[in-house]
Every structure is written in structure tokens, then in C-alpha cells.
Amino acid sequence: MFTFVVRRLVSAILVMFSISVMVFLIFFATPGVNPAARIAGRSASPQVLAQVSAEFGLNRPLPIRYGLMMWHLFIKQDLTSYVNIGVRVIPQITGAAPVTLSLVLGAAVIWLIVGVAGGLVAAANRGKWVDPLIMFGGIAAVSIPVFWLGQVVGLLTQTKFHSVFQWLPGSGYVSFTQSPGQWALHLLLPWFTLATLYAGVYARVLRAELVNAMNEDYVRTARAKGLSERRILMRHALRCSLISVVSLFGLDFGSLVGGAALLTEVVFGLPGIGMLTYTSLQNLDLPVIMAAVMYGAFFIVLASAVVDVLYAVLDPRVRVVK
Amino acid sequence: MSSNPTPQSDRRGAGDDDAVLKVRDLSVSFATRQGLVRAVDGLNLDVAPKEVVGIVGESGSGKSVAMYSMLGLVRDANASITGSVVFEGREILGLSDKEMQPLRGGQIGMIFQDPMTALTPVFSVGWQIVEQIRQHTELTKTQAKERAVELLAEVGIPDARRRVDSFPHEFSGGMRQRVVIAMALSCNPKLLIADEPTTALDVTTQAQILELMGRLRDTHGSSIVIITHDMGVIAEMADRVTVMYAGRPVESGPEIDVVRSPRHPYTWGLLGAVPRLGERSERLATIPGNVMSPLDVPEGCAFAPRCEYAMPECVRRPAMTGGDHQHACWLSDEQRVAIGDRTKEAS
């Protein structure tokens, strides 16, 4: 198990390295594009262009440029934006990351609880009215666009039924270290809004997995052992079905933390990674875009590495992989 | 031949009150879009203590469904199960899941066809055996684990103390089937139902598993119902045999009688289809045709469409007749002898 974890982490590091190379090449070695002009932003003066060229070593060989870039990004962390002159890139990322992490973590807790409970209840009541009801709720949750749901929720709580929801603060973000209570209150609506879609997906996926599992031979064996239906569902079927839910969760979590929660962040005015990427794209702020892309990719790689380890914990058959 | 004596009117032996299992007129049918499918039609079965009863027939003859329906393991809203199943003097057909749970795994153990899929892949074999023991007894976790180790050793798993923590995928097919058998025996059941326990295994492993089951029958004192399509398994294991075709019993009796002097043409076919080592023939013997779709089972004898001795009488359904060795066929004994002589001449 230990060697499995080590091997998986080493391969994750290799993947991250390749991603950094690829991102670098896309931004700096795309034929026909002058990276200096790109970094400097729109209508930059020749002096600025020269400065950019010197700073990033744009007239030097490619590997050295890559090294310089990584040096500025990770070691010295002094990569600066030329659009918002003088603003450093890394602090922007490290400032936005906790917002996104708070949003996604809270939402993940909600959607896992609701999704797993929904899937279990639906599978346990197959053939009764509860099952199609939950599945319809699931498809409805999946179909509602986040930006619409967010707007409607905001509208209802802030204007229409404001008297009921007075205790809810407006949009914005308060950091956890500043005030845990306000942090949770400010994130409450974003959490549920973001969780809705995923809860629907997870409930449907888990139900399908459970229904499949309940037709497996080992469930027949469990019945022949005299176990109760409840125990068969909760121990045998759920345990085997969780394996696919976990792998799904890893991908979703990674991409959301990496910036895919953009819509929720924009609707609720949360200054997270998605928002940062969005604004830097609008300004063509290349250094920020590059850093954000790399950050996002790293999170996805990290999440899938964690998922693989979890996978091995859940499924003994994976552990013996040569 | 016009008046058949009523079935089981004069059966002796296993039908007595000390029977572990007494099945009467068990029928299982499924309502489908194409019509009613009679998967099992009028099965009778008696199992005495420590007796091994074989149920034999081709795939699709309803033998597995019959066993699953007895244990309430046919979970299909379209299924209807009628008849009577008396286990240890108690009617168990129609009991609720809750009432059946102490019986399943506790007093009736089950062994399944495919050991590769019969165990939950994510739990160690020890865990799965302990789970069953703790479901039916008051043993503590450590005691149950101890018992699991003993059981694994008993069914011939080497180094059982270490292997008890292994996962199913770490065992070979034969070893897994031993684990399944250990699990089925873990609560000393009165009755062991084995559904094609050797079908998924290679021939040498088959022999070992059969030998093991025979030995365990003696040490644990369980009766065994063994479901198979292989007459070889019957000859090896069974004390009594019931031959099923298209959901109906066509012949039953002591193993020796059924195997040595079979009376039903279907049994002749089954026995002829067992390849023998050392006997050279151009082709493997087969019974012509296939088991018909359960939707198309005729009113009369179900085997008639494939039977080379079919007669006009066969449009009516023959009842099971005879004493201890029963059969459901319109052929008279004289006809049977004549057919036997002809076959001998031919070969």
C-alpha cells in the first residue's frame, strides 16, 4: 500500500511537470505569436516590450526561458502583471484560492450527503413512488443552470422574501480567519447553489450503481447468508458502488477547485479562482492566465492522485497493480 | 396405461416425517409480455437427513429457479410461486424476508455456481464468513474469526490463519469455491443447497470439490441438494435423483436405479451425452434439438417434440408413476425393453 502511494505521487509529479512544459509551450512557443506583446498587454510601448523581453529572456533558448519562467513563478514568485501594472501574480492566486476552496469544500459536503442519501433511498425503494420522485428531482437539479438558480435564489432572499431571510448577508466573501460565522453565512447560498447540480448527478449515478450491484451474484450470496436487505444495501452494495462515485468526485472536485466554479463565483460575487481567470481573460493578462491555468491543472492532477489512493483503500483489487 | 396411479401415493423412504425437506407440487411461473412462463411445474422432492439428492437437467430446465424460489430468493414482482415447501416440519413457502433470514445461511446453506462472482470483492473472505456467523450466532468477533480459520482449514485452504485476511481475488477458482463452501457450512446448516457447484471449475478441481462436499456431509451431518446438468456428478455424489425437463420432473428415484436402468427417454439422452474416457466415437452424443422456450412448452409431454420414441399418447401429459423409481412417460415396460435390445444390437 505504501509503495502504491509513493508510486502514485511520483507519477503525479511527473504529470505536473509535463503540464507546466505544455502550458509554457502554448504561451511562449506558439508560432507566429510574439509573447512579449502578449505579456505586455494591449498597446504596450516599445520600452515595455524590451523590458518584458529582458525579464523573460525571450531572446534566449527555449529551455532557459522555461527555467526562467518557472523561477519567476514558483521560486521567486515575483511574476508581475503588465496589465495591472506592478500587481504580482502569485499573491492574486493565493488570495483567490481559499475563496474557491471554501466554496467547493462546503458544496462538496452538501452534495455528497444529499447525493448519497438520495441514491440510497431511491435504490432501496425501487419500484415505489419515492424512487421516480427522487430521480425526477435529480434530473431537475442537473438541468437547472447555476447562473439562473443563483440569480433566483439571490433575488428571492434579498428582495421578495427579504423579511424572512434578513439574517442572510448579501453577496461577497468574508475569510474564515476573519469571522467563521460570517464566512459560513456568506457562503451558505453559494454552497447550496453549487451543490444542487452535483447532488442531482451523484444521486442518479449512485442509484444506477446500486441497482446494478443489487443484481450481482455477491448480493445473492449475501441474501443466502441471511443478511437483511438493509445490511446488504448499506454494506455490500454501497461499498462496491462507492468506488465509481469516488472517482467521479475526484474529477469534479479537482476541476471545480481549479476554476470550474466560475459561474457560482460570478453570480455571488466571490473573488475566487474562476473569477480571477475570467477577469484576466477579459484583460488578456497573460501571466495571470498562465498561472491560473497551471494552478487549475495541478489541482486536477492532485485530486486524481488522491482519488487513486482512495480507490486502492476502497477496492483491494487495485492494490496489487504492478 | 389409461389410469395412472396418483403421484407419490406409494413412495417410501424420504417422504417420511423425519424428512429435512419436503417439497410438494412446487410451481413457479413468471408473467411476461409474451404470456405465462412456467419455469417450474409440479416439482416434488424429499430429502432425508444426511441424504444427497441430485436435481439434474439441461440449462433452462428450471432447477435453479426451483431452489431459489424455496428460499424466497426469486425477487421478481411477476413471479408467482405455489405449492408447499416444508423444512424441518415447518412450511416455509410464503414466509416474509424477516422470517426467512434465520433459515437462510443459518439452517440452510447455499453454494453457488460461479465462485468468481459469488463473494463480495471488497471484503476479505474472513470478514465475509464472520459476518454470516455473527448474523446467526452470539459469538464474539474474535470467536467468529477463530471459527472462520477453523472452517477454512477444514475445507482444505492451506495456511488458513494467514489466508483468512485475503481478498476473494487473491484465490483461485477452486479455492474460492472452498471459501464459499466454508461459508455455507459456517452455521452447521441442516440442509446445503449446491447450485452447480462444480460447473465453473476445471475437471480435477471438480473432483476435489465433490470429494470435499461428500466428506463434509459426513462430518457436519447436513443433507445436500445438488443441482447439476452433469450425470457424472450425480453418479459421484447423489443418493437419490430427480431429472427435470422444461420445469417438470420426468424421472426420480435412487441414484443407482436411475443411472443403471433409466426409464425416461430424456434420461437416456442425458446419460448418453456423458462422454467416457477411452471410448472412441466420431462425435459426442447429443440429444437432438434444444430445450424449447418456456413459452412453447406443450400441454402434453414436454419432451415429446425432441423424443425419438414419441407416440400419439404423448399429447397428453403423463403423470409420475411407479414406486420408489418414478417416471413420467407413456412408454410401456415392454416397449422399453424392446428399445433397449435394439440399442444394444446397434452398438
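The values are calculated or read from the model by the stated rules, or taken from the named source; none is laboratory data. As the structure is a computational prediction, the values presented were derived from the model and not from experiment. Ideal geometry is used to build each Cβ from the backbone, glycine not excepted, and the neighbour counts take in all protein chains shown.
Has region A:124-138 got any residue that is crowded, with 18+ Cβ neighbours inside 10 Å, hydrophobic (A, V, I, L, M, F, W, C), touching a Lys or Arg at 6+ places or on another chain (Cβ under 7 Å) and over 18 Å from A:LEU256 (Cβ atoms)? The answer is yes; a qualifying residue exists. Filter region B:110-123 down to the residues that are within 8 Å of chain A (Cβ to nearest Cβ) and outside any loop (DSSP other than H, G, I, E, B) and list them by number. Result: B:MET110, single match. When region A:184-218 is limited to residues that are without any contact (Cβ under 8 Å) to a residue 40 or more places away in the chain, within 12 Å of chain B (Cβ to nearest Cβ) and part of a helix (DSSP H, G or I), the one that is surrounded by the most Cβ atoms within 10 Å (Cβ to Cβ) turns out to be A:TYR218.
Contact annotation: residue pairs with Cβ atoms under 6 Å, 6 or more positions apart or on different chains, pairing a residue in region B:316-338 that is among the aliphatic types (A, V, I, L, M) with a partner that is not in a loop (DSSP other than H, G, I, E, B), are B:MET320/B:GLN326; B:ALA328/B:VAL250. The number of residues in region A:219-242 being surrounded by 19 or more Cβ atoms within 10 Å (Cβ to Cβ), facing chain B (nearest Cβ under 10 Å) and farther than 22 Å from B:THR137 by Cβ comes to 5.
Against the criterion of being in a helix (DSSP H, G or I) and either acidic (Asp, Glu) or in contact (Cβ under 8 Å) with a residue 40 or more places away in the chain (or both), B:SER84 does not qualify.
Just wondering, is there one or more residues in region B:124-139 that are crowded, with 21+ Cβ neighbours inside 10 Å, of a type in the set (S, T, N, Q), assigned to a loop (DSSP other than H, G, I, E, B) and within 11 Å of another protein chain (Cβ to nearest Cβ)? Checked against the condition, which is being crowded, with 21+ Cβ neighbours inside 10 Å, of a type in the set (S, T, N, Q), assigned to a loop (DSSP other than H, G, I, E, B) and within 11 Å of another protein chain (Cβ to nearest Cβ), region B:124-139 yields no hits at all.
Scanning region B:86-109 for residues that are under 22 Å from B:LEU43 (Cα atoms), more than 9 Å from chain A (Cβ to nearest Cβ) and of a type in the set (D, E, K, R) yields B:GLU88, B:ARG90, B:GLU91. B:VAL149 - would you say it is of a type in the set (A, V, I, L, M), under 22 Å from B:ILE193 (Cα atoms) and touching a helix residue (DSSP H, G or I) at 6+ places or on another chain (Cβ under 7 Å)? No: the conditions fail for B:VAL149.
Candidates are the residues of region B:161-176 that are more than 14 Å from B:PRO121 (Cα to Cα) and of a type outside the set (A, V, I, L, M); the one that is nearest to the other protein chains (Cβ to nearest Cβ) is B:ARG163. Exactly one residue among A:GLN51, A:GLN47 is loosely packed, with under 12 Cβ neighbours inside 10 Å and either within 27 Å of the chain's Cα centre (by Cα) or not in a loop (DSSP other than H, G, I, E, B) (or both), and that residue is A:GLN47. Checked against the criterion of being more than 13 Å from B:PRO294 (Cα to Cα) and either aliphatic (A, V, I, L, M) or touching a strand residue (DSSP E or B) at 6+ places or on another chain (Cβ under 8 Å) (or both), the candidates B:ASP41, B:ASP18, B:ASP25 yield just one match: B:ASP25.
The residues of region B:148-168 that are within 28 Å of the chain's Cα centre (by Cα) and surrounded by fewer than 19 Cβ atoms within 10 Å (Cβ to Cβ), listed by number, are B:GLU150, B:ALA153, B:GLU154, B:GLY156.
Mind checking which residues of region B:212-254 are under 30 Å from B:ALA302 (Cα atoms) and charged (D, E, K, R)? Selection gives B:ASP230, B:GLU236, B:ASP239, B:ARG240, B:ARG248, B:GLU251. Among the residues of this structure, A:PHE56 does not count as one that is surrounded by 13 or more Cβ atoms within 10 Å (Cβ to Cβ), within 27 Å of the chain's Cα centre (by Cα) and over 30 Å from A:PHE176 (Cβ atoms).
Within region A:1-17, the only residue that satisfies the criterion of being surrounded by 12 or more Cβ atoms within 10 Å (Cβ to Cβ) and either hydroxyl-bearing (Ser, Thr, Tyr) or not in a helix (DSSP H, G or I) (or both) is A:SER11. Would you confirm whether any residue within region A:123-146 is at pLDDT below 85 and either away from every other protein chain (no Cβ under 14 Å) or not in a helix (DSSP H, G or I) (or both)? Yes, that holds for at least one residue.
Among the listed residues A:TRP111, A:TRP71, which satisfies the condition of being of a type outside the set (Asp, Glu), touching a residue at least 12 places away in the same chain (Cβ under 8 Å), out of contact with any Cys (no Cβ under 7 Å at 6 or more places or on another chain) and part of a helix (DSSP H, G or I)?
Details: A:TRP71 fails: touching a residue at least 12 places away in the same chain (Cβ under 8 Å).
Every option except A:TRP111 fails the conditions.
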